[in-house]
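Every number in this text was worked out from the coordinates using simple rules, so none of it is lab data. Quick caveat: nothing in here was measured; it's all calculated off a predicted structure. With ideal geometry, Cβ positions are generated from the backbone for all residues, glycine too; neighbour counts draw on all protein chains shown.
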Amino acid sequence: MVSIDRRILVTGAAGFVGRHVIEALATLDTEAMLGVGRRMAAPLPNGTRFLSVDLNDRESLAACIKNFQPTHVLHLAAQASVGQATNRAAETWRINVSGLINLAEVVLRELKSATFIYISSSEVYGRAFLSGEPLTETTIPEPMNVYARTKYVGEKLLEDIFGRTDIKLITLRPFNHIGKGQDERFVVSAFAHQIARIETDAMPPKLFVGNLSSYREFLDVRDVARAYVRVVEISDNLEPDIILNVAGGMRRTIADVIEDLRLLAKVPFEIIVDPSRVRPLEIPVALGNADRINSLTGWKPQFSWPETLSEIIDDARIRISETTLIR
């Protein structure tokens, strides 16, 4: 159990992953927990306190850190969509790097010691995935897009800023994670929402897709949240500057995902390849080796693929139904 003197600050707390992480963290015995972000679309679970803070607003950020005095900072806030990052490169660098520099400098100035858990991404491996093998944390990253480059730069700048200080840095590289509440910028949620619209006759029975042959891992976001919480829980026992893959999810092609969704759909549909949905420089296989996090923390994924997929499509149906009622 986490000791009750732990004070946990979570950036990006109101986002897709953040809300699941807050809910998972609430199972731990902590002194206090604070979620921060630019805005909160809905109340956070379990009565967690939320503070509206833009990481690029140094004055507000400094006041937040100084007043709350976290023992752990779990940094989730980021421009998380690869496609949106590419289309909004300057904004992505400002959010993912400038905001991170501000946060790191404030943490260093306002806290005597703390554990800083940086959520990077498996995207940093980039061209290294061309080996076709599950990659370990010792693999040299070769990022291929704006999002991946900002995340890898974030890793290196934190190593420099926190090096030789009493701030312990832990870096996590999660692989694809999906689940309830994810928006349509992400592939499985996009398919599920299309199917929900087809079921309500809101669109023709045609599912628009991109590259179907890509081979990916799919982790349930609740398992990813469990991994983050477990790292917080045992952070005192982890070496500074350690990097951990959050991997070991359900491995399948995008075509397999669609066929499994077809089994859950209430109506038939035709598959249409949409060139605009095919990502440039597509990596055919992206898999990770999770031996390190397994051995050090005992964490392993628990949620089954059918359970995850059913929850996603049910959530999409609810969202599409609510949108229809509003109109």
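Tell me, what does the Kirkwood hydrodynamic radius of region 219-262 come to in angstroms if you use every pair of distinct C-alpha atoms?
By the Kirkwood definition, the hydrodynamic radius is 12.7 Å.
Please report the Cα spread of region 184-229 along all three principal axes, rounded to whole Å, starting with the longest.
42, 25, 14
Considering all projection directions equally, how large on average is the shadow of the alpha-carbon convex hull of region 185-266, in square nanometres? Could the numbers behind the result be given before it?
On the way: hull surface 28.7 nm².
Average of the hull's projected areas for region 185-266 equals 7.2 nm².
In what sequence, highest mean first, do 178-185, 149-156 appear when ranked by Cβ atoms within 10 angstrom?
149-156, 178-185
Quick query: amide H of V246 versus all other amide H atoms, modeled in the peptide plane; which residues come in under 5 Å with a sequence gap of 5 or more or a different chain?
Sorted by chain and number, the residues that satisfy this are R173, F175.
When all alpha-carbon pairs of region 1-123 are counted, what percent fall beyond 25 Å? Present the calculation step by step, with values, prior to reporting the outcome.
Details: 1531 of 7503 pairs.
Tail fraction, whole percent: 20.
Highest mean first, what order results for 118-127, 27-36 on Cβ atoms within 10 Å?
By packing density, highest mean first, the sequence is 118-127, 27-36.
Are any of the pairs K66/K156; K151/K300; K180/K206; K266/K300; K156/K300 more than 30 Å apart by Cα-Cα distance, and if so, which?
Going by Cα-Cα distance, K266/K300 fall outside the 30 Å limit.
Counting each DSSP H run of 4 or more residues in the chain as -39500 (n - 2.57), what helix-only mean residue ellipticity at 222 nm follows after dividing by all residues, to the nearest 500 deg cm²/dmol?
Rounded to the nearest 500, the figure is -12000 deg cm²/dmol.
Mind listing the long-range amide H neighbours of L169? Cut-off is under 5 Å, sequence gap 5 or more, other chains count too, H placed in the peptide plane at 1.01 Å from N.
Sorted by chain and number, the residues that satisfy this are F116, D241.
When only C-alpha pairs under 8 Å and at least 6 residues apart count, what is the relative contact order of region 8-69, in percent?
About 30 percent, as a whole number.
Please state the shape class of region 85-150: rounded when a/c is under 1.5, otherwise prolate if a/b exceeds b/c and oblate if not, all from the C-alpha gyration tensor.
Oblate, since a/c reaches 1.5 and b/c is not below a/b.
Summing +1 for each Lys or Arg and -1 for each Asp or Glu, what net charge is found among the other residues whose Cβ lies under 15 Å from the Cβ of G154?
-1
How large are Rg and Dmax for region 96-192 when only the alpha carbon atoms are used, in Å?
15.6, 47
Pairing the Cα long axis of helix 187-199 with the longest principal axis of the chain, what angle in degrees results, from 0 to 90 and rounded to the nearest 10?
40 degrees
How large are Rg and Dmax for region 6-59 when calculated on the C-alpha trace, in angstrom?
For region 6-59, the Cα radius of gyration and maximum Cα-Cα distance read 10.7, 32 Å.
Would you compute, for the Cα atoms of region 248-303, the largest minus smallest coordinate along each principal axis and list the three values in descending order, in whole Å?
The Cα atoms of region 248-303 stretch 45, 32, 12 Å along their principal axes.
For region 115-174 and region 291-316, what is the separation of their Cα centres, given in Å?
22 Å
Short version: what are the Cα gyration tensor semi-axes of region 135-200, square root of 5 times each eigenvalue, largest first, in whole Å?
35, 13, 11
Counting only C-alpha contacts under 8 Å and six or more residues apart, can you give the relative contact order of the chain as a whole percent?
It comes to 18 percent, rounded to a whole number.
For the chain, take the alpha-carbon Rg, divide it by the Kirkwood Rh, and send me Rg/Rh. List each step's numbers first, then the result.
Values: Rg = 19.7 Å, Rh = 20.5 Å.
Ratio value, two decimals: 0.96.
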